Amino acid sequence: MKAVRIHEYGGPEVLRYQEVAAPLAAPGEVLVRVRAASVNPVDWKIRSGGARAIVDYPMPFIPGGDLAGVVEAVGDGVDGFARGDAVFALLGLVGACAELVAVDAAKVARKPAGLSFEEAASLPLAALTAWQGLLGDGRDCAGKHVLVHNAAGGVGSLAVQIAKAKGATVLATASAANADFVRALGADEVVDFRTSPVAGRAADVDVLLDLVGNEQALALWALVKPGGVVIRIAGGADAAALAEQGGLTIVKTRVKPDGIQLAEIGALVESGKIRPVVAAVYPLAEIAAAHEASKGGHTRGKVVLQVGPQT
């Protein structure tokens, strides 16, 4: 089968599209013939070696965490999936950019009806990051004021929709060029804090979802009311998983694969409450260009890789 592998850390030139041995489905796994995968910022951070303090995989490895495809075979002990089922999954942080992937069945969910494989592949990491950030540890968004910082990107665009679906009033940050796009996702108010200072705004935010992690984002903490929650997705790599600061609960979270949660997200997609946003599609062989497009940081939604035929 064809796959992309990384043999050494470096720039996009280290992404090698090559022939590799096909995997088999072990007990508890399903073998998926991949139709699409997606690119996340963590992919090029891992590829460059910039994330080695957090993850350092033995070489060579196959990049990519998201996939959508069709079940090719089912390992012993797997219930609920059969050959021919259309599925999507978050593997973790690596392993998806290949024509065939063996994946733990607990990480897999049925592809939402009506979505293309490319659209479905854009969802798992980004949607689960938003879901676990907003709703982890039993948090409830209903009736809350939620601020999504960096709402036009892959995670942010889904966080806005998930928060609205769960009954929140959503304040979002985005550039002026992306303001209408973010409003169309459901945001009640969109602010460009590069031009609109925090000072003078009411501190009425219950939950801040920080997807940037820079000094500007720290200034937004002033908008969170006492007793509120700051969810740190980006930045603060060494931060404690749970802390308190200035009367706020600070939560540092990292996404985990979860087929049950992914199925819940899929149900919201099918009900029309969440729609994926695909910024661009590249063939798997052009993954280097896809990484560069993602790294540019100006895409609305996700960059996706087409691995196999979509029909």
Filter result for GLY227 (touching a helix residue (DSSP H, G or I) at 6+ places or on another chain (Cβ under 6 Å) and on the phi > 0 side of the Ramachandran plot)
no
So the check is Cβ under 9 Å with 6+ separation or different chains; which pairs have a first residue in segment 133-144 that's surrounded by 11 or more Cβ atoms within 10 Å (Cβ to Cβ) and a second one that's assigned to a helix (DSSP H, G or I) and small (Gly, Ala, Ser)?
GLY133/ALA159; LEU134/ALA159; LEU134/ALA163; ARG139/GLY133; CYS141/ALA163; CYS141/ALA165; LYS144/ALA163
Over segment 41-65, the set of residues touching a residue at least 60 places away in the same chain (Cβ under 8 Å) and of a type in the set (D, E, K, R) is ASP43, ARG47
Restricting attention to segment 28-70, and to residues there that are outside any loop (DSSP other than H, G, I, E, B) and small (Gly, Ala, Ser), which single residue is surrounded by the fewest Cβ atoms within 10 Å (Cβ to Cβ)?
SER48
Would segment 155-168 turn up any residue that is assigned to a loop (DSSP other than H, G, I, E, B), buried (at least 19 other Cβ atoms within 10 Å of the Cβ) and at pLDDT 95 or above?
yes
Taking into account only those residues within segment 61-80 that are of a type outside the set (A, V, I, L, M) and more than 24 Å from the chain's Cα centre (by Cα), which is nearest to SER116 (Cα to Cα)?
GLU72
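Here is a yes/no grid of residues against (1) touching a His at 6+ places or on another chain (Cβ under 7 Å); (2) within 27 Å of LYS45 (Cα to Cα):
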| position | (1), (2) |
| --- | --- |
| MET59 | yes, yes |
| ILE62 | no, yes |
| ASP66 | no, yes |
| GLY69 | no, yes |
| GLY75 | no, no |
| PHE88 | no, yes |
Would you call LEU209 part of a strand (DSSP E or B), crowded, with 16+ Cβ neighbours inside 10 Å and modelled with pLDDT of 90 or more?
yes
Exactly one of ASP137, ASP180 is touching a strand residue (DSSP E or B) at 6+ places or on another chain (Cβ under 9 Å), more than 30 Å from ALA25 (Cβ to Cβ) and modelled with pLDDT under 95, and that one is ASP137
Within segment 255-309, take every residue that is among the charged types (D, E, K, R) and in contact with a strand residue (DSSP E or B) (Cβ under 6 Å, 6 or more places away or on another chain) and give me the one that is nearest to ALA106 (Cα to Cα).
LYS302
Which residues, taken from segment 82-94, are surrounded by fewer than 19 Cβ atoms within 10 Å (Cβ to Cβ) and touching a helix residue (DSSP H, G or I) at 6+ places or on another chain (Cβ under 9 Å)?
ALA86, GLY92, VAL94
Tally, over segment 189-205, of residues that are loosely packed, with under 13 Cβ neighbours inside 10 Å and either of a type in the set (Ser, Thr, Tyr) or farther than 16 Å from HIS145 by Cα (or both):
6
Going through segment 278-310 one residue at a time, which ones are in a loop (DSSP other than H, G, I, E, B), more than 15 Å from the chain's Cα centre (by Cα) and over 24 Å from ARG33 (Cβ atoms)?
GLY296, HIS298
Enumeration of residues in segment 220-253 that are of a type in the set (D, E, K, R) and at pLDDT 90 or above:
LYS225, ARG232
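The values are calculated or read from the model by the stated rules, or taken from the named source; none is laboratory data. Only a predicted model underlies this, so the values are computations on that prediction, with no experimental measurement involved. Don't worry about glycine lacking a Cβ; one is built from the backbone with ideal geometry, like all the others, and counts go over all protein chains shown.
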